[in-house]
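Okay, so here's the structure we're looking at.
The values are calculated or read from the model by the stated rules, or taken from the named source; none is laboratory data. If you're wondering where the values come from, they're calculated on a predicted model, not measured in any experiment. Neighbour counts run over all protein chains shown; Cβ positions are idealised from the backbone, glycine included.
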Amino acid sequence: MNKNDLIASVADSSGLTKADAGRAVDAVFAGIEGALKGGDEVRIVGFGTFSVAHRAATTGRNPRTGETIQIAASKQPKFKAGAPLKGAVNS
């Protein structure tokens, strides 16, 4: 399922037009993105938790040349599925 499929599904199940459903989906994504940028986590009960993981700087190796390189520290978005979502997928 891609974003357009998700918008169509939201429109069908909610009775919204595709344009309104698209704005709603975009608003949800923007809200999650804004919270993660601000350092917060987003918990959706029954679905899961979006959070930010901090990766420390590390030393890596260029596979082509064998040269040692520095990999900068970064922040990575994470998602942990909730128990009801896991149960729905596994049933």
* To do: Test Gln70 against the criterion of being farther than 18 Å from Leu6 by Cβ and touching a residue at least 24 places away in the same chain (Cβ under 8 Å), and give yes or no.
  => no
* Condition broken by Gly87, with the remaining ones in (1) in contact with a strand residue (DSSP E or B) (Cβ under 7 Å, 6 or more places away or on another chain); (2) more than 22 Å from Lys3 (Cα to Cα) satisfied -> (1)
* Candidates Gly66, Gly48, Gly22 - the one that is at positive phi and surrounded by 10 or more Cβ atoms within 10 Å (Cβ to Cβ) -> Gly48
* Asked: What number of residues within the stretch 1-19 are in a loop (DSSP other than H, G, I, E, B) and surrounded by 13 or more Cβ atoms within 10 Å (Cβ to Cβ)?
  -> 1
* Structure fact -> Taking the stretch 46-91 and keeping residues in a loop (DSSP other than H, G, I, E, B) and farther than 25 Å from Ala35 by Cβ leaves Ala57, Asn62, Pro63, Arg64, Thr65, Gly66, Glu67, Ser91
* Structure fact -> The correct count of residues that are out of contact with any Phe, Trp or Tyr (no Cβ under 9 Å at 6 or more places or on another chain) and either touching a residue at least 40 places away in the same chain (Cβ under 8 Å) or not aromatic (Phe, Trp, Tyr) (or both) in the stretch 41-67 is 18
* If you go through the stretch 76-85 one residue at a time, do you hit one that is modelled with pLDDT of 95 or more, of a type outside the set (Ser, Thr, Tyr) and in contact with a Lys or Arg (Cβ under 9 Å, 6 or more places away or on another chain)? -> yes
* Asked: Which condition number does Gly46 fail, the rest of (1) at pLDDT 95 or above; (2) in contact with a Gly (Cβ under 7 Å, 6 or more places away or on another chain) being met?
  -> (1)
